[in-house]
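A short write-up of the structure that comes next.
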Amino acid sequence: MAMSSALESSGSLKAFGAALKVFRERALLTQEQFAERLNYSLALVASVEQGRRMPTALFVERAEEVLGALGVLRAMARHLGRERGLAVWFREWAQLEEAAVTLCTYECRVVPGLLQTEAYTRAVMLNVPPPPTEEQLEERIAARRARQELLTRRPPVAFSFIVEESVLLRHTGGEEVTRELLGHLLACTELWNVELQIMPLRQPYHAGPDGPMQLLETPERQWLGYAEGQKTGQLVSDREAVSVMQMRYAKMRSQALSPADSAELLQRMRGAL
């Protein structure tokens, strides 16, 4: 889940937001006018200026162009990264994700962060003690939304997700949150580079009893693994250990429902709410 109370200060986010506001006012633009020129929502622009949301790379580039910021915003953004809101033990893996060409994820606890809606993320984070402050919560959500840009990154990443049906049947956050989540998952299945499979509730042959795991292929065609537990995360680089994880993941892909059957199950689950 990549959550922790050991998070960095959001001071750099606030500094970026303050600088953005100065350049916007210097250009004699209201937030509404600026948002329209950027082709982003007013709410998002306001959140970035308040230091509550991580600006995307595209947002920064458009802001630079519209405001004529002389490279200042671009330079500041390089110091934001995606580390704010990420657990200390997850940061190395998050950095590897950014350059990955292939990402494989098996989850039996929660919906993978890359596929979560904001409402689902809030529900998960608010239910895991210790309760976060409002600032911490917004910081974590911003980091997760930034990671989700990987789904539509160019050059594209090839994604494979295997999610236990039980995770969806839990109805984390209630029926409305679950209905929205199921709709979002269905939308994700329509992305040509995303393959989502549901592991059925009844599956007597299961290769993943050791828990959740992730696999990643680097641009150099090296495979790495990652496993996470209670407030810990382990990067796996040993070839033999990674090979075992690959074998298990491949077996689970054959045991889970096909992508088409998984999408049909998601539709039935959403229709039943």
Practice problem: Could you tell me which numbered condition Arg109 fails, if it satisfies all but one of (1) basic (Lys, Arg); (2) surrounded by fewer than 19 Cβ atoms within 10 Å (Cβ to Cβ); (3) over 30 Å from Val194 (Cβ atoms)? | Solution: (3)
Quiz item: Consider Leu126 against the criteria (1) surrounded by 18 or more Cβ atoms within 10 Å (Cβ to Cβ); (2) modelled with pLDDT of 90 or more; (3) among the aliphatic types (A, V, I, L, M): it satisfies all of them except one. Which criterion is unmet?
Solution: (1)
Exercise. Kindly list the number of the only condition in (1) within 17 Å of Ala250 (Cα to Cα); (2) touching a strand residue (DSSP E or B) at 6+ places or on another chain (Cβ under 6 Å) that fails for Thr189.
Key: (1)
Self-check item: Only one of Val101, Val60, Val157, Val124 that is β-branched (Val, Ile, Thr) and farther than 24 Å from Pro212 by Cα
Solution: Val60
Quiz item: Got a sec? Which of Val101, Val110, Val22 is over 18 Å from the mean Cα position of the chain (by Cα), β-branched (Val, Ile, Thr) and modelled with pLDDT of 75 or more?
Solution: Val22
Practice problem: Tell me, yes or no, whether region 166-174 has at least one residue that is in contact with a Cys (Cβ under 8 Å, 6 or more places away or on another chain) and either on the phi > 0 side of the Ramachandran plot or of a type outside the set (Gly, Ala, Ser) (or both). | Solution: yes
Exercise. Answer yes or no: is there a residue in region 240-263 that is surrounded by 17 or more Cβ atoms within 10 Å (Cβ to Cβ), in contact with a strand residue (DSSP E or B) (Cβ under 7 Å, 6 or more places away or on another chain) and at pLDDT below 95.
Key: no
Quiz item: Is it the case that some residue within region 59-69 is on the phi > 0 side of the Ramachandran plot and modelled with pLDDT of 90 or more?
Solution: yes
Practice problem: Looking only at region 152-162, count how many residues are among the β-branched types (Val, Ile, Thr) and either crowded, with 17+ Cβ neighbours inside 10 Å or in contact with a helix residue (DSSP H, G or I) (Cβ under 7 Å, 6 or more places away or on another chain) (or both). | Solution: 2
Quiz item: Is there any pair linking a residue in region 240-255 that is touching a residue at least 40 places away in the same chain (Cβ under 8 Å) to one that is of a type in the set (Val, Ile, Thr) and surrounded by 13 or more Cβ atoms within 10 Å (Cβ to Cβ), with Cβ under 8 Å and at least six apart or on different chains, and which?
Solution: Tyr249/Ile162; Met252/Ile162; Arg253/Ile162
Practice problem: Can you work out which of the residues in region 23-74 that are closer than 26 Å to Arg153 by Cβ and of a type in the set (Lys, Arg) is surrounded by the most Cβ atoms within 10 Å (Cβ to Cβ)? | Solution: Arg53
Exercise. Within region 200-233, track down each residue that is among the aromatic types (Phe, Trp, Tyr) and over 14 Å from Glu92 (Cα atoms).
Key: Tyr205, Trp223
Quiz item: Of the residues Glu149, Glu217, which is surrounded by 13 or more Cβ atoms within 10 Å (Cβ to Cβ), closer than 15 Å to Leu114 by Cβ, acidic (Asp, Glu) and within 18 Å of the chain's Cα centre (by Cα)?
Solution: Glu149
Self-check item: Flag if Ser166 is more than 16 Å from Thr117 (Cβ to Cβ), in contact (Cβ under 8 Å) with a residue 24 or more places away in the chain and surrounded by fewer than 17 Cβ atoms within 10 Å (Cβ to Cβ)
Solution: yes
Practice problem: Out of Val236, Val167, report the one residue that is at pLDDT below 95, under 22 Å from the mean Cα position of the chain (by Cα) and assigned by TED's automatic domain parsing to the domain that holds Ala99. | Solution: Val236
Quiz item: Can you tell me which residues in region 264-273 are without any contact (Cβ under 8 Å) to a residue 24 or more places away in the chain, of a type outside the set (D, E, K, R) and either in a helix (DSSP H, G or I) or surrounded by 15 or more Cβ atoms within 10 Å (Cβ to Cβ) (or both)?
Solution: Gly271
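The values are calculated or read from the model by the stated rules, or taken from the named source; none is laboratory data. If you're wondering where the values come from, they're calculated on a predicted model, not measured in any experiment. Positions of Cβ are backbone-derived with ideal geometry, glycine not excepted, and every protein chain shown enters the neighbour counts.
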